[in-house]
Ligand code: DCP
Ligand code: CA
């Protein structure tokens, strides 16, 4: 039986939420990400702002230069998280087979549910309408027999779009599109493909499987399948986050060890707190650095034993930081830390490991105290140097550019 899969993605998400709260912003070039005289990048740009060339990831300074009359908003993560939760709840009402991909994006397997609404198209219209009625937000929906094509269809239909790729049409739909539209094709893969004279998905689909495998290893097989529109990956209703991370851009590029270390400690604590709140443990710690010239690196370390302890996250991040700084002399612009390979905690092991158990109790106690009395009620030595630099709020420091998305 052919599956019916939808990819639903909210348009200009952060900006759209701000426009609902302040309708005067509607129809105008709006940017969420921070004040244009500060450092940091565009997190979300309205489609009116995109007409000036603005896009996510662009430095705010550049955005202001390209569109001086754009309205710049700092944004606040809690608003977006609330909207996201309501968005996911609406989707879950239409089908239980929901896979959230990010705050504003999800796959929904609606196979068999469409008949209640008349047709799959009518079902998609009803979903868009419900999101509009309840949240006031515009959404775009792609419909196809598989996830990859559904997602690309949603992207192409933006903004406020709806695009169905009928079963059997996957290959011809994909053929004229640039190869980089396929998941897993980053800058590097794209360069190799271009070197082979391949620019479109259609051209890619004619490459022999053996050639793709010899160039790209195991992912060559996926490219082979996806480029022909073959995709049987399931909509996974786990809904569980695959990674948790925090990052921030400094007010000024820096090599100050104590500032880098303290900031890493602070971000690591935020990651640890979310990990514990979600009841998960992490098997991998990742450090992210962006240098003054925008060179961005990530370095990861796989832990011998999964953890949810701030101390382990920080110590691992610090080792990665020390190594990275010894390899690159530039000033640092942005620092971030994240965890992945998330699992449910393995209780029995902890019982044998008393130091792990002590850490676990300590972190839980800190979480409880902070929940009750605010972030600054208790502070670790790691983050103390930040006290003189950043303003404190009840729930933590206000960094120069808080990571809005996570
Ligand atoms: N986001 C972010 N930093 C990025 C990319 C995204 O903080 N580098 C946040 C802001 C976005 C939200 O995540 O509003 C969703 O990301 P999308 O890529 O879906 O972008 P938008 O929803 O803003 O626009 P689009 O209409 O293209 O989906
Ligand atoms: Ca979006």
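The angle separating the long axis of helix 354-373 from the principal Cα axis of greatest extent in the chain is about 80 degrees. Each label point was placed 7 Å from the Cα along the Cα-to-Cβ direction; for residue 233 and residue 78 their separation is 3.5 nm.
Distance between the 7 Å Cα→Cβ label points at residue 277 and residue 387: 2.4 nm. When peptides 290-301, 97-108 are ranked by their average number of other Cβ atoms within 10 Å per residue, the highest-first order is 97-108, 290-301. Annotation: extensible slack from residue 379 through residue 362 equals 4.9 nm (criterion: 0.36 nm per residue apart, minus Cα-Cα distance). To the nearest 10 degrees, how steep is helix 218-227 against the longest Cα principal axis of the chain, on a 0 to 90 scale? Between the helix axis and the principal axis of the chain, the angle is about 40 degrees. Sorting the Cα pairs of segment 243-314 by distance into bins of 10 Å, from 0 upward, gives 18, 50, 26, 6 percent per bin.
Principal axis analysis of the Cα atoms in segment 1-143 yields extents of 54, 26, 23 Å, listed in decreasing size.
Between the Cα long axis of helix 147-157 and the first principal axis of the chain there is an angle of about 80°, rounded to the nearest 10. FRET efficiency for the residue 38 to residue 122 pair, using the beta carbon distance and R₀ = 60 Å, is estimated at 0.85.
Per-residue ellipticity at 222 nm computed for the chain from its helices equals -12500 deg cm²/dmol, with DSSP H segments shorter than 4 residues left out and the rest contributing -39,500 (n - 2.57).
What translational D, rounded to a whole number of µm²/s, comes out for the chain from Stokes-Einstein when the hydrodynamic radius is the Kirkwood one over Cα pairs, at 10 °C and 1.306 mPa s? If you can, show how the numbers build up before the last one.
On the way: Rh = 23.4 Å.
My calculation gives 68 µm²/s for D.
Model label points for residue 329 and residue 302, set 7 angstrom from Cα along the Cα-to-Cβ axis, are 3.5 nm apart.
At q = 0.11, 0.12, 0.19 Å⁻¹ the log10 of I(q)/I(0) for segment 163-276 amounts to -0.61, -0.68, -0.93, computed by Debye summation with a single uniform scatterer per C-alpha, solvent ignored.
On the principal axes of its alpha carbon atoms, segment 6-71 extends 36, 27, 20 Å, with the longest extent given first. Ranked by how many other Cβ atoms sit within 10 Å of their own Cβ, fewest first, the residues 152, 61, 8 fall in the order 61, 152, 8.
Quick one: 6, 123, 1, 88, fewest Cβ neighbours within 10 Å first, how do they rank?
Details: 6 30, 123 23, 1 6, 88 17.
So the residues, fewest neighbours to most, are 1, 88, 123, 6.
Each reported figure results from applying straightforward, stated rules to the coordinates on display, with no laboratory input. Everything numeric in this text was worked out from a predicted model, so none of it was measured. Neighbour counts are summed over all protein chains in view; Cβ atoms, including those assigned to glycine, are modelled from backbone coordinates with ideal geometry.
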